[in-house]
Amino acid sequence: MILGLLKEQGEEQRVALLPEIVSKLVQAKVEVYVEKDAGASAFQTNEAYENVGASILDRTELLKKAEVFVQIGEPSLELIRQLNDKQVWISQYNPLWNTDLVKAFLANGVTSFSMDSIPRTTRAQSMDVLSSMATVAGYKAVLEAANELPNFFPMFMTAAGTIRPATVLILGAGVAGLQAIAIARKLGAQVEAFDVRAAVKEEVNSLGARFVEVEGAIDDSAAGGYAVEQTDEFKKKQQEAINDHAAKADVVICTAQIPGRKAPLLIPTEAVERMRPGAVIIDLAASTGGNCELTRNNETLIHNEVKIIGQSGYPSLMPIDASKMFGKNVFNFLQLLISEEGDLNLNFEDDIVKGTCITHQSEILNERVKSVVE
Ligand code: NAD
């Protein structure tokens with residue numbers, strides 16, 4: 001296999017593979033080419049890649065030379081147009097949203113894999129970039145909230161009086177939410193969390209947070225871990241409960257998402273208007289519309305003295321460890337595509353390879369993407 005590691009475009013600071021992972025690929029008999037300065041914003045020099053056996057090329061040469069390309073973010077349409085049907089693309093390109101990219105891959109027959117489509121099975125856990133990056137986002141969101149809040153997080157008993165601990169409300173207790181709970185607790189805040197999946201209550205409690213409960217929910221225990229549709233009356237009660245808890249919170253961290261769909265609206269403008277002056281909302285769902293009605297992606301705004309930070313890009317702001325985790329996930333996935341001789345081996349009998357492949361020879365393989373694009 002001839003693998004090309006591309007430099008990310010725009011503001012992205014991560015790199016898809018650190019030199020330590022490139023070293024493992026070289027040992028697996030893969031020929032690795034790295035675009036010049038691909039690792040620079042993640043503090044990885046060209047020499048560090050050369051030292052583990054990779055060669056540095058400029059983008060034009062790399063695009064001609066490699067058969068498998070790896071990067072983190074979405075490719076541009078212009079880049080896809082330069083690829084051909086013998087080449088393989090691997091990145092996190094969100095095909096359920098970016099259907100124009102899917103169509104461009106189809107047009108020139110490129111085999112494309114999107115890392116956000118890794119099946120959520122036990123065997124694929126070590127390849128799950130969504131979980132890895134959610135871990136980074138949950139951690140960073142709490143640190144930013146603590147930094148922005150005009151109050152302490154922990155309780156302090158000092159000669160100058162007692163300071164009460166901050167109250168943090170976390171909406172959505174998936175991977176990012178649970179990580180945010182753990183970090184907010186470590187910083188000494190009182191934490192409350194809400195999720196539509198009642199099954200996460202135990203996990204929330206075990207991290208030392210209180211689960212916001214709404215009576216009258218339809219039992220979802222037989223739904224295999226997925227949320228079930230609730231009655232309108234229940235939804236109304238649920239919204240009132242969230243509004244009441246948000247009004248008392250110093251910080252709200254929004255992490256609720258539904259894969260491939262717009263994020264659920266949980267904090268309407270009226271709820272923001274009941275919050276304390278100086279309170280902070282961090283909305284990790286910003287790129288899919290946000291959980292707060294007022295959120296703007298990649299913007300910070302102030303409404304009634306409440307600061308609302310729309311930020312889905314925290315992993316890029318912690319580029320070394322985020323790249324380390326992303327690269328390890330990609331390496332584990334690549335092992336399914338590399339033969340013992342180091343050649344490219346596309347085995348669509350493997351459920352992870354098949355589930356992650358979006359386009360192959362001008363056909364859409366992924367069933368969910370197929371239903372959205374066709
Ligand atoms: P996600 O980012 O898609 O969503 C975050 C959370 O938002 C979820 O817990 C979801 O229930 C919640 N949510 C959605 N709509 C909501 C609403 N209206 N109100 C409140 N909360 C709402 O999910 P995620 O963090 O990527 O994963 C969720 C769960 O999936 C994890 O907790 C885990 O149990 C499971 N998971 C399994 C695997 C695996 O088996 N390999 C890997 C990762 C995650």
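The values are calculated or read from the model by the stated rules, or taken from the named source; none is laboratory data. From a predicted model like this one, the values you see are computed outputs, not experimental measurements. Cβ sites come from the backbone with ideal geometry, for glycine too, and all protein chains shown count toward neighbours.
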Could you go through the range 88-100 and let me know if any residue there is closer than 30 Å to Arg261 by Cα and assigned to a helix (DSSP H, G or I). yes
Output the strands (runs of 3 or more DSSP E) that fall wholly within the range 156-264 and possess 2 or more residues being within 11 Å of the ligand (Cβ to nearest atom) and not acidic (Asp, Glu), or say none. 167-171, 190-194
For the range 245-254, check the following and say yes or no: at least one residue is in contact with a Cys (Cβ under 7 Å, 6 or more places away or on another chain), within 22 Å of Arg210 (Cα to Cα), among the acidic types (Asp, Glu) and at pLDDT 95 or above. no
Checking Asn304, Asn243, Asn291 in turn, the sole residue that is of a type outside the set (A, V, I, L, M, F, W, C) and within 30 Å of Ile90 (Cα to Cα) turns out to be Asn291
Determine whether Ile364 is farther than 21 Å from Gln125 by Cα and either buried (at least 19 other Cβ atoms within 10 Å of the Cβ) or within 18 Å of the chain's Cα centre (by Cα) (or both). yes
Just one listed residue, out of Glu31, Glu50, is modelled with pLDDT of 95 or more and surrounded by fewer than 17 Cβ atoms within 10 Å (Cβ to Cβ), and it is Glu50
Look at Leu106 and say whether it is away from the ligand (no atom under 16 Å from the Cβ), within 30 Å of Asn345 (Cα to Cα) and assigned to a helix (DSSP H, G or I). yes
The residue that is nearest to Phe234 (Cα to Cα), considering only those in the range 174-199 that are among the small types (Gly, Ala, Ser) and free of Cβ contacts under 8 Å to residues at least 60 places away in the same chain, is Ala198
Touching an Asp or Glu at 6+ places or on another chain (Cβ under 7 Å) and of a type outside the set (Asp, Glu): does that describe Gly313? no
For the structure I just gave you, tell me whether Ser323 is in a helix (DSSP H, G or I), touching an Asp or Glu at 6+ places or on another chain (Cβ under 7 Å) and either under 30 Å from Val251 (Cα atoms) or not polar (S, T, N, Q) (or both). no
